[in-house]
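Every read-out reported here was derived from the displayed coordinates using simple, explicitly stated rules and does not represent laboratory data. Computed from a predicted model, the values in this text were never measured in an experiment. Neighbour counts run over all protein chains shown; Cβ positions are idealised from the backbone, glycine included.
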Protein chains: 2
Amino acid sequence: MAESSGVATGVTVEHHMLADVVTRQLEAMLAVGNYDAVKMLLEPVQPVDIAEAIANLPTTLQAIAFRLLSKDEAISVYEYLGTTTQQSLLSKLRSSEVLEVVEEMSPDDRARLFEELPAKVVRQLLSELSPDERRVTSELLGFRAETAGRLMTTEFIDLKEDHLAQEALEIVRRRARDTETVYSLYVTDAERHLTGILSLRDLVTADPGTRIGDVMTADVLSVQTDTDQEKVARTIQRYDFLAVPVVDLEQRLVGIVTVDDVIDVIEQEATRDLYAAGAVQAGDEDDYFSSNLFTVARRRVVWLAVLVVASFFTSEVIAANEDVLQKVVLLAAFIPLLGGTGGNVGAQSSTVVIRGLSTQSISSLGSMKAVGREVMAGALLGILMMLLVVPFAWWRGESALVGISVGISLLAITTLAATAGAAFPLVFDRMGLDPALMSTPFITTCTDVAGTLIYLKTAEWLLTHLPQLQQAASISTQFLAASVF
Amino acid sequence: MAESSGVATGVTVEHHMLADVVTRQLEAMLAVGNYDAVKMLLEPVQPVDIAEAIANLPTTLQAIAFRLLSKDEAISVYEYLGTTTQQSLLSKLRSSEVLEVVEEMSPDDRARLFEELPAKVVRQLLSELSPDERRVTSELLGFRAETAGRLMTTEFIDLKEDHLAQEALEIVRRRARDTETVYSLYVTDAERHLTGILSLRDLVTADPGTRIGDVMTADVLSVQTDTDQEKVARTIQRYDFLAVPVVDLEQRLVGIVTVDDVIDVIEQEATRDLYAAGAVQAGDEDDYFSSNLFTVARRRVVWLAVLVVASFFTSEVIAANEDVLQKVVLLAAFIPLLGGTGGNVGAQSSTVVIRGLSTQSISSLGSMKAVGREVMAGALLGILMMLLVVPFAWWRGESALVGISVGISLLAITTLAATAGAAFPLVFDRMGLDPALMSTPFITTCTDVAGTLIYLKTAEWLLTHLPQLQQAASISTQFLAASVF
């Protein structure tokens, strides 16, 4: 979508409260058929706020409110609506109205809408579009989802090297209305190859008689149509661009991606990472709280089931070592503590590594060094935790055996957990998979199995080889209890 | 920082690889003293890439490389350096060079640097700045961290309503070089109150003789100097702005926040949420992988220790119910599974709620409804998991007692975990605290304690009141093993 000009009612930034108030007023006015009042009410409101207000209206009133908007405003508002509301509006408007909206939408927003519509409706709409818009839309729909090709708009201003600055400014003036941004201008040759770039700032400050070829910057940084959207976002973010040009395999300029779309990508990727860390499957859009309970359960049950089955292995390990537990029941009291601490250390490591991969701070350090750091951090944290846990386990477990078993396995578990937490996401990334997929709860559950096994085997070994540790309990317990607690 | 014009060597987007190559070439050239080659090498490279290359150089070579940059470029590069490298460079440059850099920096970047420097150095530098820059810097340093006042730049173009479009364009031309953005233009009255806004697009397309007051948009959306940076970011994101004006309590225009700074805020907030979910304390900057092992441990040990102490309660619960375990040791095999599943459900709920608060999708739904949804989701997921877990527990636990105890407590735990996971972040948010603070691992550990207690107490009750459940084991086990596995 194009940049907005900065208008809204008053100076408040409480967006949702604003939309609430507008919705209530709107509903009241529509109910009594006071359409002039509606027009006055909506006049100073931002399109995104109007869109939210309309989406919150009862469906019967949505089409009526939408028809009261001016044509230009209707297009902007429509682009801001969610796909569900977009579809329900389409079904309620006359087909001439539908065509008008669809024809005027930004190509990228139109492609996003078409993807959600039934194939039959899309074919119908495509056949009614003007030839130009039809070609552009089919082209955009041909690119894979989440690539630059799908994210880009084809509405940009291209100049030629031979244009003079004043001619170029004239072109900008003429095309300012129907283009996504006027602030980044692109220079192409006769075969539409991208040869340079200049900003409107450069153009405005240039002498009117200068050739564009002399003020433009050659050596342009661009992305390809199949570049992943996250990489596009990182490019714009890193270089503080307002837009980045998109070229095809022959270096021909085919579109641009603007900064406002990139913010949404960054947000979407962050949500995805966070959901993965929380074992929630991310949806296509950030619409968790508007989806129904069945969808919510579906997006969570698969991960939960996988983790439960993984827990079965921990149960197996404990059941298989029933004998040790039978001899020293209090050993059971520290299984959750060990599993939990291992899980937390693993979660910490995978969190920093996954985030480091997203923000690219790991690529400058190197994967092996990153894992090495985590292994050392895990061991260090294990030692620190031992200081806290061993005295407690010794005392509460009523024997040196429990204290020593807990201590040894704690160190092993934290080191192991940190290593796994750091290494798995990196291996996944190397294999071309999403590192966040190897999510925190999965590492947590794996650590649980290994930790429990180490713990019970250590205890068994100590019980067989140093049985006096169990007898030594009462004296040392009293000593420890007196000195530590 | 100001928008870049879009230049870089070639069309690659592999930023870090680029910086690596540049660093190696740079180091080789500096070692043999070939300074002309350095200048040629760096000529087409983006400031952010030069900054990364310099930061990766041995510290002895950093100042030499920095001195070879042109003055304008040196400023941009310096602004992109991390504060550690910025400080070490300051200590190696002559004081006249230092002053030149500091004087020319963007006020917002300068304020960020000064915050990290020792107070003595800041006083010294402030006294040497020009009066204008000194005033601006002191003013910015006076605002609280993470507010619009701290994020904004004071370099913007303000016009008067009586200016004609052509005069305004002349002003833009003249001031284009030393201002942060030329694309959003602000209109103020004699007392510097913000009365309107217009974009360079509006200005360029306007008739040269039009009054600015007639093309500008009144009713401007603005933020206050003390508005939280996350809210500023959401405003720009929601309305697709390139910049948002910042006003003081008297509605006087004092600065603007631009979209490039806002992207960094969104990224920083996402990192913070993610770190909180992974029990890692976020640092001031996203510099985890460049901090030393001691800092790493410090940022993780506090949370770990808190969680370990929380685990002590689980140990207590188990130790206190030693008798039940002594009678049916296999009950111990399912403690990790119950705690783990509760923890995972709690993590899922807190993840979606924390993210929903960040992206503001909860405010449109309402907190109570959000919690209600999670409670139902938790119960639904509990029932689904029972189908999987109860047969396994019955069979592996070798008695109906274990199967039924696991089933009942599983349902209780998932419902409880979902409720706590959703409610805690909302309560924190209501109290004005960061909802992400009530982090996932904390909810996980709390669920562990409650879950273990419910489980062992259920088993104890069943053992007392329905002892036949334990005897019923062998037959039902054989039946279940045959039918399910």
How many Cβ atoms of partner chains, on average, are near each residue of B:247-259 if near means within 10 Å of its Cβ? 1
Taking a point 7 Å out from Cα toward Cβ as the label site, list the nm distances between A:Arg192 and the same residue in every other copy, smallest first. 5.0
Would you kindly compute the Cα radius of gyration of the range A:288-484 and its largest Cα-Cα separation (Dmax), both in Å? 19.4, 62
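On full extension of the chain, what length is gained from A:Arg252 through A:Thr60, given 0.36 nm per residue of separation minus the C-alpha to C-alpha distance? If you can, show how the numbers build up before the last one.
Numbers: separation 192, 0.36 × 192 = 69.12 nm, distance 4.68 nm.
Extra length from A:Arg252 to A:Thr60 when fully extended: 64.4 nm.
Just flag the GluC sites (Glu not before Pro) in the range A:233-274 sitting in loop per DSSP whose Cβ has no more than 13 other Cβ atoms within 10 Å.
Details: sites: A:Glu250, A:Glu267, A:Glu269; in loops: A:Glu250.
For GluC sites (Glu not before Pro) across the range A:233-274 that sit outside H, G, I, E and B with at most 13 neighbouring Cβ atoms in 10 Å, the list reads A:Glu250.
To the nearest whole number, what is the average tally of beta carbon atoms from other chains within 10 Å of the beta carbons of peptide A:342-350? Walk me through the numbers before you get to the answer.
On the way: counts 0, 9, 15, 4, 1, 9, 11, 3, 1.
Mean inter-chain Cβ contacts per residue within 10 Å come to 6.
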Work out the FRET efficiency for A:Arg24 and B:Asp434 from their Cβ-Cβ distance, taking R0 = 30 Å, and round it to the nearest 0.05. 0.45
Phi angles of the range A:207-223, converted by Karplus (6.51 cos²θ - 1.76 cosθ + 1.60, θ = phi - 60°) into ³J(HN,Hα) in whole Hz with x for Gly and Pro, give 5, x, x, 5, 6, 4, x, 8, 9, 5, 9, 7, 6, 7, 7, 9, 10
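Less than 9 Å Cβ to Cβ from B:Val254, Lys/Arg counted +1 and Asp/Glu -1: what total charge do the surrounding residues give? Before the final figure, lay out each step's value.
Values: positive: B:Arg192, B:Arg252; negative: B:Glu139, B:Asp248.
Counting the neighbours of B:Val254, the net charge comes to 0.
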P(r) histogram, all alpha-carbon pairs of the range B:15-145 included - 5 Å bins from 0, percent: 2, 10, 22, 22, 18, 11, 8, 5, 1, 0
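Of the peptides A:93-104, B:190-201, how do they stack up when ordered by the mean number of other Cβ atoms within 10 Å, highest first?
B:190-201, A:93-104
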Taking chain B and counting helices only, DSSP H stretches of n ≥ 4 at -39,500 (n - 2.57) each over all residues, the nearest-500 ellipticity at 222 nm comes to -21000 deg cm²/dmol
Charge tally in the Cβ shell below 15 Å around B:Val317, where Lys, Arg are +1 and Asp, Glu are -1, B:Val317 excluded: -3
In terms of modelled amide H atoms, which long-range or inter-chain residues lie less than 5 Å from the amide H of A:Val247? A:Val223, A:Gln224, A:Thr225, A:Val254
In degrees, nearest 10, the alpha-carbon axis of helix B:131-141 is tilted away from the dominant principal axis of the alpha carbons of chain B by 10
With label points built 7 Å along Cα→Cβ from the Cα atoms of B:His465 and A:Asp214, find their separation and express it in nm. 9.5
Assuming 0.692 mPa s and 37 °C, estimate D for the range B:158-266 with Stokes-Einstein, Rh taken as the Kirkwood radius over Cα pairs, in µm²/s. 230
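Which net charge results for the neighbourhood of B:Ala377, defined as the other residues with beta-carbon distances under 11 angstrom from its beta-carbon, given Lys and Arg at +1 and Asp and Glu at -1? Numbers along the way, then the final one.
Numbers: positive: A:Arg298, A:Arg299, A:Arg300, B:Arg373; negative: B:Glu374.
Result for the neighbourhood of B:Ala377: +3.
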For B:Val122, inter-copy label-point distances (7 Å, Cα→Cβ), nm, shortest first, read 5.6
Please compute P(r) over all alpha-carbon pairs of chain A, binned at 10 Å starting from zero, and give each bin as a whole-number percent. 4, 15, 19, 19, 15, 11, 9, 6, 2, 0
Subset of A:Lys231/B:Lys231; A:Lys39/A:Lys92; B:Lys92/B:Lys120; A:Lys327/B:Lys457; A:Lys71/A:Lys231 violating a 29 Å alpha-carbon distance limit: A:Lys71/A:Lys231
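Just checking the output field for B:97-108: average partner chain Cβ neighbours within 10 Å of each residue's Cβ?
Values: counts 0, 0, 0, 0, 0, 0, 0, 0, 0, 0, 0, 0.
For peptide B:97-108, the averaged partner shielding equals 0.
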Calculated FRET efficiency for the pair B:Glu146/A:Asp158, C-beta based, R₀ 51 Å, to 0.05: 0.80
Using only the Cα atoms, work out Rg/Rh for the protein assembly as shown, with Rh taken as the Kirkwood radius, to two decimals. 1.02
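Explain nothing, just the number: dipole magnitude of the range A:107-210 about its Cα centre with +1 on each Lys and Arg Cβ and -1 on each Asp and Glu Cβ, in debye rounded to the nearest 20.
Numbers: 15 positive and 21 negative charges, 86 e Å.
In debye, rounded to 20, the range A:107-210 gives about 420.
Below 8 Å, C-alpha to C-alpha, sequence gap of six or more: please give me the relative contact order for the range A:158-266 in percent. Walk me through the numbers on the way to the answer.
Working: 169 pairs, mean separation 27.1, N = 109.
Normalised by residue count, the contact order of the range A:158-266 is 25 percent.
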Label point 7 Å beyond Cα along the C-beta direction, distances from B:Leu164 to other copies (nm, shortest first): 2.2
